[in-house]
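The values are calculated or read from the model by the stated rules, or taken from the named source; none is laboratory data. Quick caveat: nothing in here was measured; it's all calculated off a predicted structure. All Cβ positions, glycine included, derive from the backbone under ideal geometry; neighbour counts span all protein chains shown. SASA here: full protein model, heavy atoms, side chains in, ligands and nucleic acids out. Shrake-Rupley method; radii C 1.70, N 1.55, O 1.52, S 1.80 Å.
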Amino acid sequence: NTTSTLLKLLECRLDNIVYRLRFGSTIFAAQQLVTHGHILVDGKKVDRRSFLVKPGMTVSLKTPSQKVKNIQIAVESSAREVPEYLSLDEGKFSGKLLSDPTPEQIPLPILINIPLVCEFLAHTA
């Protein structure tokens with residue numbers, strides 16, 4: 001179904017994975033970490049926020065970036081749960097996408113009628 005595919009694509013963007021792994025305290029902080037070159041995917045620097053993370057890929061912070069105070073605070077103080085489709089190794093500042101997320105697994109901040117939003121957006125394009 002188109003809605004779940006779109007939701008999966010948005011959820012697997014690199015900036016969103018960085019946020020879900022709690023490396024950034026907000027989605028905007030996570031986007032900045034990516035664009036400023038602090039993030040590695042499978043050991044290689046990726047600075048494109050829209051990079052699509054696939055199951056099995058490891059996302060980590062560059063070693064020097066692990067010492068940045070704001071990043072340490074974000075990792076240590078976050079009360080957000082890491083979704084079940086991700087694994088997090090806090091000690092290594094890395095995480096892995098275990099599987100494609102299902103719509104039921106994606107934590108949303110408020111109740112959203114996703115099919116209705118997608119229908120609306122499809123008619124405005």
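Structure notes:
- Among the criteria (1) under 23 Å from residue 2 (Cα atoms); (2) over 11 Å from the mean Cα position of the chain (by Cα), the one residue 65 does not fulfil is (1).
- Residue check for residue 27: open to solvent by 40 Å² or more (accessible area, probe 1.4 Å) and in contact with a Ser or Thr (Cβ under 9 Å, 6 or more places away or on another chain): no
- Residue 96 among the basic types (Lys, Arg), modelled with pLDDT of 80 or more and in contact with a Ser or Thr (Cβ under 7 Å, 6 or more places away or on another chain): yes
- One residue stands out in region 1-24 among those that are hydrophobic (A, V, I, L, M, F, W, C) and at pLDDT below 90: the one that is least open to solvent (accessible area, probe 1.4 Å), namely 7.
- Test result for residue 104, touching a residue at least 12 places away in the same chain (Cβ under 8 Å), over 15 Å from residue 30 (Cα atoms), out of contact with any Lys or Arg (no Cβ under 7 Å at 6 or more places or on another chain) and open to solvent by 40 Å² or more (accessible area, probe 1.4 Å): no
- Residue that is modelled with the highest pLDDT [pool: residues in region 64-90 that are open to solvent by 60 Å² or more (accessible area, probe 1.4 Å), closer than 17 Å to residue 39 by Cβ and in contact with a Ser or Thr (Cβ under 9 Å, 6 or more places away or on another chain)]: 89
- Count of region 34-74 residues, restricted to those that are over 23 Å from residue 100 (Cα atoms) and not in a loop (DSSP other than H, G, I, E, B), is 11.
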